[in-house]
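The values are calculated or read from the model by the stated rules, or taken from the named source; none is laboratory data. Since the model is a prediction, treat every value here as computed from it, not as a measurement. Cβ: placed from backbone, ideal geometry, glycine included. Neighbour counts: every protein chain shown. For the accessible areas, the whole protein counts, side chains as well, though only heavy atoms, and no ligand, DNA or RNA atoms are used. Shrake-Rupley method; radii C 1.70, N 1.55, O 1.52, S 1.80 Å.
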Amino acid sequence: SIPKVQKAVVVVSPNEPIQVRNDYPVRQPQDLEPGECLVKMHCTGVCHTDLHARKGDWPLATKLPLVGGHEGVGEIIAIGEHTANSPVKVGDRVGIKWLADSCLQCEICRKGLEQSCQKGKLSGYTIDGTFSQYVVRTRFPPFRDYPSIFSPHFFLKVSYTAHVTPIPEGLDSAEAASILCAGVTTYRALKYSQTHIGDWVVIPGAGGGLGHLAVQYAVAMGLRVVAIDTGKDKKDLCLKLGAERWIDFLESKDIVKDIKAATDGLGPHAAIITAANGSAYEQAVNYLREGGTLMAVGLPAKAQLSASVFWTVVKSISILGSYVGNRQDAREAIAIAAAGKVKCHYVLKPLDQLKDVYEGMEAGNVVGRVVLSMD
Ligand code: 8ID
Ligand code: ZN
């Protein structure tokens, strides 16, 4: 039977401590709208984006109060009546990713860029996410469009069946979780990085959640990796995962010189910037090889991209933004993990410990990922 209330971690406001609550309502199956499903969560990864949401430091407002989280895996326990063409059924194990829903009808969606749909709903940002035992969503627009009577406390988290990602048997839930954001994001960034087998790719932030998966997707694509981050633990992980070169950004006295020296003197063919700090974007145009591509992935709160126009033109540099991935990218990223070519390096902790995880992340102490268990 499905309980009426559940445990959830709630952001009340950016200035107050997050609250672990045991009385968060669970939306009941008979209350699901067509197209919605109720997912009983097994676990959820913690992404640096959740920390941005918790701090409210991005130029896009979150709903409040907010249940964060957007890298979850669980089992579908109910689907709303009259749901046509659902790609999933009750009993399926599915992933919940950042993009919870998109209109699927606009030009952007039709072109496969649904993650940039203007009507998109974002898990753990504009609607409640995965830091709770059950996930359901309402068909209402994001909370900020509604007066307080539509407070999310009245609803339970629902996932739209169109946007959940089936998880193949044989891929453990805890291993799949972070593929739903960190994995798909870095997989897609590499896919569009205009690189080929044998090319050099530099990955600032390589020891973090996104970065350590980027190293592995890059190696799986036949790319040669220069990992950039700091500290012995992150260095050891990156080299173990197949990076050929390591640069500690806090120890390097001349990052451009060190990166060029690590890449045949010419610089890398692409940079996948996965760091949560604007400093990682500085000088990328200076160290990239002629014809190289800068993939902007990390989302520091207030950073601006600044690069010499002259050298961007003369070196024929491409600068591309890459935002999570669409439904197909998610399935591909999961399939590669299920084939054993990419493995999330994570520590499993209980949901209650989210506050400590945020503190560790802020301090740069999380090597790879932390995954939270619902049990
Ligand atoms: O769709 C997207 N583009 C997307 C999807 C998911 C996450 C973007 N993000 C964003 C997050 O919001 C965040 O801003 O990517 C960034 C990284 O997320 P994460 O991997 O979850 O964060 P982390 O685990 O804290 O790892 C960040 C790493 O960057 C290193 C840190 O040491 C850490 O290991 N780092 C920093 I901060 N500054 C650096 C620098 N200057 C750096 N590494 C190299 N050079
Ligand atoms: Zn994320």
Total formal charge among the other residues, if their Cβ is under 13 angstrom from that of VAL371, Lys/Arg +1 and Asp/Glu -1: -2
What are the radius of gyration and Dmax of the chain, computed over its Cα atoms and given in Å? 20.3, 65
Per the helix-only calculation at 222 nm, which mean residue ellipticity applies to the chain, given -39500 (n - 2.57) for every DSSP H run of n ≥ 4 and division by its residues, nearest 500 deg cm²/dmol? -6000 deg cm²/dmol
Across region 320-326, in residue order, what do the Karplus-derived ³J(HN,Hα) couplings come to in whole Hz, using 6.51 cos²θ - 1.76 cosθ + 1.60 with θ = phi - 60° and x for Gly and Pro? 10, x, 9, 10, 5, x, 8
For region 1-129, what's the relative contact order in percent, using C-alpha pairs closer than 8 Å and at least 6 residues apart? 24
Normalised by the number of residues in the chain, what is the relative contact order in percent for Cα pairs under 8 Å and 6+ residues apart? 18
Prolate/oblate/rounded call for region 70-111, Cα gyration tensor, a/c under 1.5 rounded: oblate
In whole angstrom, note down how far apart the Cα centers of region 183-237 and region 58-119 are. 27
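Counting only protein heavy atoms, what percent of the accessible surface of region 254-375 is carbon or sulfur at a 1.4 Å probe?
Within region 254-375, the accessible surface is 53 percent carbon and sulfur.
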Carbon + sulfur, % of accessible area of region 1-121 - ligands and nucleic acids excluded, 1.4 Å: 50
Could you tell me the relative contact order of region 151-280? Use alpha-carbon pairs under 8 Å, at least six residues apart, and round to a whole percent. 24
From the cross-link list LYS234/LYS260; LYS55/LYS253; LYS191/LYS260, which pairs have alpha carbons spaced over 28 Å apart? LYS55/LYS253
So what J values fall out for region 121-131 if you push phi through Karplus, 6.51 cos²θ - 1.76 cosθ + 1.60 with θ = phi - 60°, rounded to Hz, Gly and Pro as x? 10, 10, 4, x, 9, 9, 9, 4, x, 9, 7
Rounded to whole angstrom, the alpha-carbon centroid of region 22-36 lies from that of region 353-375 at a distance of 28
Accessible area per residue, 1.4 Å probe, Å², for the chain: what's the number? 43
Add +1 for every Lys or Arg and -1 for every Asp or Glu among the other residues with Cβ under 13 Å from the Cβ of PRO87, and state the total. +2
For region 273-325 and region 256-271, what is the separation of their Cα centres, given in Å? 14
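Rounded, prolate or oblate: which fits region 4-130, taking a ≥ b ≥ c as square roots of the Cα gyration tensor eigenvalues, rounded meaning a/c under 1.5, else prolate when a/b beats b/c? Walk me through the numbers before you get to the answer.
Details: a/c = 1.97, a/b = 1.15, b/c = 1.70.
Because a/c hits 1.5 or more and a/b fails to exceed b/c, region 4-130 counts as oblate.
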Considering amide H positions built from the backbone, and no H for Pro or chain starts, which residues 5 or more places from ALA100, or on another chain, come under 5 Å of its amide H? LYS121, LEU122, SER123
Which order do ILE228, ILE77 take by accessible area at a 1.4 Å probe, largest first? ILE77, ILE228
Using only the heavy atoms of the protein chains and a 1.4 Å probe, how would HIS70, HIS42 rank by accessible area, largest first? HIS42, HIS70
From the cross-link list LYS40/LYS240; LYS40/LYS349; LYS40/LYS341; LYS121/LYS235, which pairs have alpha carbons spaced over 25 Å apart? LYS40/LYS240; LYS40/LYS341; LYS121/LYS235
